[in-house]
Amino acid sequence: MKKIFFLISICATLLIGCDKEISLVLDNNEPVLVIDGSITDQAGPYFVQLSMTSPINNPTRVIGVNNARVFITDQAGIKDSLEFVSNGLYRTKKIRGTEGGTYNLEVMVDQKKYTASSSMPQKVNLDSLRINTFPFNGEIRYSVIPVYLDPVTLGNSYRFIQKINDTIDPTFHIFNDNLNNGKVNQRPLRGGDEKLKIKPRDNVFVEMQCISNATYIYYNSLDQQSGAGPGGGTAPSNPPSNIVGGALGIFSAHTVQRKTITIR
């Protein structure tokens, strides 16, 4: 799974800077297309990253696919032909993401077609960030709680990207409302490793994404396989994807909100 974890890290750097490093553990070592695309309610352009899975002996090498044709169509019938940027990265030119909109992705590589569809959820307002303190091994530790009121309708899912000063937390922060439907969120963003623990005077940046159920399942699967799941993680496998045609990855339409807090 190292390939997808690596790609999501690159994309988190693009989102927050495009969005996190994701790599995939593959069921075999045959090259497979990886699609990592998103459209948000923020002003474009939006990006789609195309790459081939890399050899096991070099899992962090990104092999960009530069000869593709990439299109995104919205519910109004507007079709955007994405332009090539570099190393497998393509960007939109005219389409605009809106809450409740449905977006269809089409990728053509070597006369083979891959498709995906994603509907953008309604935005749940991120009210604020709250500092949470707790004792750990004789010292005070800090975490951040994103404060938002989950709607009374069951089925909302969220992804959070956390950046501590200038470093992105590689942890997958994925929430749903199965246990706190209709309530104010009280769950903190769990910290990363010891090298990335939150300290006084740190600036913590949080991006909140309201995501579809398919996107939640995808990232939750990666979270379980990363070793952060119950019992230390599950056996590696290709995570469930909304992409049709045999490619790996995810196409996500989601809302975005961002806030920063200083630890005092």
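I'd like to check which strands (runs of 3 or more DSSP E) are fully inside segment 124-201 and have at least 1 residues that are of a type in the set (D, E, K, R) and under 30 Å from GLY100 (Cβ atoms). First the steps, then the outcome.
On the way: elements: 126-136, 139-148, 157-164, 173-176.
Filter on segment 124-201 gives 126-136, 157-164.
In segment 131-175, which residues are among the charged types (D, E, K, R) and either buried (at least 18 other Cβ atoms within 10 Å of the Cβ) or at positive phi (or both)? Break it down into steps so the answer makes sense when it comes.
In the first step, residues of segment 131-175 are kept if they are among the charged types (D, E, K, R); the result is 139, 141, 150, 159, 163, 166, 169.
Across segment 131-175, the qualifying residues are ASP150, ARG159, LYS163, ASP169.
Of the residues ASP110, ASP80, only one is more than 30 Å from ILE198 (Cβ to Cβ), more than 19 Å from the chain's Cα centre (by Cα) and surrounded by 16 or more Cβ atoms within 10 Å (Cβ to Cβ); which? Even if it seems obvious, please write down each step before you answer.
Working: ASP110 fails: surrounded by 16 or more Cβ atoms within 10 Å (Cβ to Cβ).
Every option except ASP80 fails the conditions.
Which members of segment 85-105 meet the condition of being part of a strand (DSSP E or B) and either surrounded by fewer than 17 Cβ atoms within 10 Å (Cβ to Cβ) or modelled with pLDDT under 95 (or both)? Walk me through it before giving the result.
Filtering segment 85-105 down to residues part of a strand (DSSP E or B) leaves 85-86, 89-91, 102-105.
Scanning segment 85-105 gives VAL85, SER86, ARG91, THR102, ASN104.
The values are calculated or read from the model by the stated rules, or taken from the named source; none is laboratory data. Because the structure is predicted, anything quoted here is derived from the model rather than measured. Quick reminder, even Gly has a Cβ in these numbers, built from the backbone with ideal geometry, and neighbours come from all protein chains shown.
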